[in-house]
Amino acid sequence: MTHLLLSSHIWPDTATIISGRLYVGGCDVTELAADHATPLYLLDEATLRGAMRAYRVALARYYPGPSRVHYAGKALLNTAVAQIVAEEGLGLDVVSGAELLVARRAGMSMGQVHLHGNAKGEAELRRAVEWGVGAIVVDSLDELDRLASLTHGMERPQGVLLRVAPNIDAHTHAHIATGGATSKFGLPLESVGAAAARVFNAEGLRLLGLHAHIGSQIFEVDQIRATVGVLTREMARLRDTFGVELEELSPGGGLGVPYTADMPPTNIDAYAATLSDAVRVACVAYGLRPPLLTVEPGRSIVARAGVAIYRVVARKLGPDGALLYLHVDGGMADNIRPALYGARYTALLANRADAAPGPPVDVAGRYCESGDVLLHAAPLPSAVPGDMIAVAVAGAYTLSMASTYNLVPRPALLLAGGGAARLIQRRETEEDLLARDSAL
Ligand code: LLP
């Protein structure tokens, strides 16, 4: 029996290769793929829970005031994941009525749930208020007015956070940068005072604090410090104007993760230390009490816990007979990230991981679009139809962004741990896909 070493900051904590086969959570991935069909997504329970704990422990250690962690459900959400979030003592950020429904199904306490979004619907706002979410994160003055009239006359005021566009450019992909002054998200700095005044005048609302999220896949600590700087400066300004010191500060999520071995590992402990220090220093500078610090990580909690498994269906050879593509049975509908952001991934052959690498090869998805290429120049062993390709760091923004393009059912999701795998989201069926159609 041979054990092969895997890059520990790319693959799940429990991932190991035994006699050439990939194991996750003590389960033989090739066997799971045979039993559940492909494409298949796996979540390693130990890695998932470990990241959640790492955030809680590190913030409790470094931050001088109260702190909490809200998992950003948009990265990956279903009832089982929300249950784990609750079990680990985290709160949850949702962005739609159906995500709220999942939180409720999972038995989450609604006080631990925040509703985000730049264009929340009236029904979503109403549901959030009726169910008593801990906070609605207000994105615009129009939303604020809608919410003020919705909550007018309510016995218990609805807590709100104001989302601020802090005018900080996150050095990340343009599609996932959200902190610039002209970003579609958040109130411009110039209208924070006006927004606060409206909340103070709305008897059904209570202003809890300020929020910002400058973007995702962020590695630079300076940007975290800058965000905290802007939020605390605004808090001090509101205190000086209205005589009210807000109790909560949320600098969003966004901590980056490596997708390839050449990228540095995610260091949740160092992030929490930097963030805590930034808030502490800024509070001293502005004479503020350390507020309740809420962080909203998504990707850095769930990305590395996830592995996607595809089956090689065919090979495409060039005119000279050289291998151009491996065609697999999934692709851009279950993981849009390579096509949308040029994201790079790491892969291996789950059933023959110890085979010698062949020439680098592109792995193409099955969908009818030339841009549907999951991996470019992947250093995989020479693969043949039937081989299984496992893609690492596949937990975040894959299934949650999945589509049904070409009417291909969306994959199943298993939770692996302790040598067993539980189906937590079944594969979509063709009946599911056609259920909304009516014949003429
Ligand atoms: N808070 C807010 C308000 C957010 O908008 C987001 C992510 C988060 C927290 C969590 O950020 P994270 O820790 O996951 O970076 N689809 C893109 C990422 C979009 C992020 C959207 N907002 C991708 O696949 O890279």
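When segment 94-150 is examined, which residues are found to be over 18 Å from residue 68 (Cα atoms) and touching a residue at least 40 places away in the same chain (Cβ under 8 Å)? Within segment 94-150, 118, 138, 139, 140, 141, 144, 145, 147, 148, 150 qualify.
Checking each residue of segment 242-264 against the condition of being more than 16 Å from the ligand (Cβ to nearest atom), polar (S, T, N, Q), farther than 20 Å from residue 66 by Cβ and touching a residue at least 12 places away in the same chain (Cβ under 8 Å) gives no match.
If the condition is being assigned to a helix (DSSP H, G or I) and either without any contact (Cβ under 8 Å) to a residue 60 or more places away in the chain or away from the ligand (no atom under 15 Å from the Cβ) (or both), then segment 37-57 contributes 45, 46, 47, 49, 50, 53, 56, 57. Of all the residues in segment 366-378, those that are of a type in the set (Gly, Ala, Ser), away from the ligand (no atom under 16 Å from the Cβ) and in a loop (DSSP other than H, G, I, E, B) number 1.
Just one of the numbered conditions (1) more than 16 Å from the ligand (Cβ to nearest atom); (2) touching a residue at least 40 places away in the same chain (Cβ under 8 Å); (3) buried (at least 19 other Cβ atoms within 10 Å of the Cβ) is not true of residue 405: (3).
Residues that are in contact with a Phe, Trp or Tyr (Cβ under 6 Å, 6 or more places away or on another chain) and at pLDDT 95 or above number at least 3 in the following helices (runs of 4 or more DSSP H) confined to segment 259-362: 268-286.
So, in segment 180-238, of the ones that are hydroxyl-bearing (Ser, Thr, Tyr) and surrounded by 20 or more Cβ atoms within 10 Å (Cβ to Cβ), which residue ends up farthest from the ligand (Cβ to nearest atom)? Once the filter is applied, the top-ranked residue is 232. Can you tell me which residue within segment 292-347, out of those that are of a type in the set (D, E, K, R) and near the ligand (Cβ under 9 Å from one of its atoms), is surrounded by the fewest Cβ atoms within 10 Å (Cβ to Cβ)? Residue satisfying both the conditions and the ranking: 337. The selection criterion, being surrounded by fewer than 20 Cβ atoms within 10 Å (Cβ to Cβ) and of a type outside the set (Ser, Thr, Tyr), does not hold for residue 58. Every residue in segment 70-87 that is touching a strand residue (DSSP E or B) at 6+ places or on another chain (Cβ under 7 Å), in a helix (DSSP H, G or I) and crowded, with 24+ Cβ neighbours inside 10 Å, please. Result: 73, 82, 85.
Restricting the search to segment 296-346, which residues are touching a Leu at 6+ places or on another chain (Cβ under 7 Å), farther than 22 Å from residue 73 by Cα and of a type in the set (D, E, K, R)? Listed by number, the residues that qualify are 315, 316.
Is at least one residue of segment 427-437 more than 16 Å from the ligand (Cβ to nearest atom), out of contact with any strand residue (DSSP E or B) (no Cβ under 6 Å at 6 or more places or on another chain), over 19 Å from residue 313 (Cβ atoms) and at pLDDT below 95? No, every residue in segment 427-437 fails to be more than 16 Å from the ligand (Cβ to nearest atom), out of contact with any strand residue (DSSP E or B) (no Cβ under 6 Å at 6 or more places or on another chain), over 19 Å from residue 313 (Cβ atoms) and at pLDDT below 95. Given the condition polar (S, T, N, Q) and buried (at least 16 other Cβ atoms within 10 Å of the Cβ), answer yes or no: does some residue in segment 363-380 qualify? Among the residues of segment 363-380, not one is polar (S, T, N, Q) and buried (at least 16 other Cβ atoms within 10 Å of the Cβ), which makes the answer no. Considering only residues that are assigned to a helix (DSSP H, G or I) and either in contact with a Pro (Cβ under 6 Å, 6 or more places away or on another chain) or among the charged types (D, E, K, R) (or both), which ones fall in segment 1-36? Passing the criteria: 31, 35. Taking segment 91-105 as the range and being in contact with a Ser or Thr (Cβ under 8 Å, 6 or more places away or on another chain) and closer than 19 Å to residue 296 by Cα as the test, the residues that pass are 91, 102.
The values are calculated or read from the model by the stated rules, or taken from the named source; none is laboratory data. Remember, it's a predicted structure, so these values are computed and weren't measured experimentally. A quick note on method: Cβ atoms are made from the backbone with ideal geometry, for glycine too, and the neighbour counts reach across all protein chains shown.
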